[in-house]
Amino acid sequence: YDRLLRIRALRWEYGSVLPSTIQFHMSAEEVEWFNRYKKSLATYMRSVGGEEGLDLTQDIKPPKSLYIEVRCLRDYGEFEVDDGTTVLLKKNSQHFLPRWKCEQLIRQGVLEHILS
């Protein structure tokens, strides 16, 4: 039960894709449980919040500002912002982006939040 609670917490911390270093230490049943939990959470989030759904995994802690400065840790490609503009995320480039749009990429290790 303790491991399942930890695996559930991993979904909230890392998002829907776990790093391979973490998956390596999970049994097949634990990976299956994670995938079922991930699908169940996604179904629920789509069912609330109108047409687009509601992403409950964003802003787990209340933000101090709506925009943050980030640095790309690896090449990612084009990233679309709310107003329709696209930003090219290349390794070591820095950007000032909406927090909620880049939180998932921070958790995945694509971006790094630059603290002043």
Which whole-Hz ³J(HN,Hα) couplings does region 81-96 yield from phi under the Karplus relation 6.51 cos²θ - 1.76 cosθ + 1.60, θ = phi - 60°, glycine and proline marked x?
9, 3, 7, x, 6, 10, 10, 8, 8, 10, 3, 6, 7, 10, 9, 10
Can you count the Lys pairs in the chain with C-alpha separation below 28 Å, eight or more apart or on different chains?
12
Dimensionless Rg ratio for region 1-47, taking C-alpha atoms and the 2.2 N^0.38 Å reference
1.10
Note the listed values (1) 65, 37, 16; (2) 51, 45, 25; (3) 41, 35, 26, then indicate which one is Cα extents along the principal axes in Å calculated from this particular structure.
(3)
With residue 39 itself left out, Lys, Arg at +1 and Asp, Glu at -1 over residues whose Cβ is under 14 Å from its Cβ give +4
For residue 89, other-chain or 5+-apart residues with amide H closer than 5 Å (H placed, Pro excluded) are 76, 77, 78, 79
Listed residues 22, 68, 106; largest mean-square fluctuation, Gaussian network over the chain with Cα springs below 10 Å, found at 22
Counting only residues 5 or more places away or on other chains, whose amide H sits under 5 Å from the amide H of residue 73 once H atoms are built in the peptide plane?
92, 111, 112
Longest principal axis of the chain (C-alpha) makes with the long axis of helix 2-14 (C-alpha) an angle, in degrees to the nearest 10, of 20 degrees
Report ³J(HN,Hα) in whole Hz for each residue of region 38-46, in order, from the Karplus equation J = 6.51 cos²θ - 1.76 cosθ + 1.60 where θ = phi - 60°; Gly and Pro get x.
4, 5, 5, 5, 5, 4, 5, 5, 5
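Here, each number is a calculation from the coordinates, and none is a lab measurement. This is a predicted model, so every value here is computed, not measured. Every residue, glycine among them, receives a Cβ derived from its backbone with ideal geometry; neighbour counts consider all protein chains shown.
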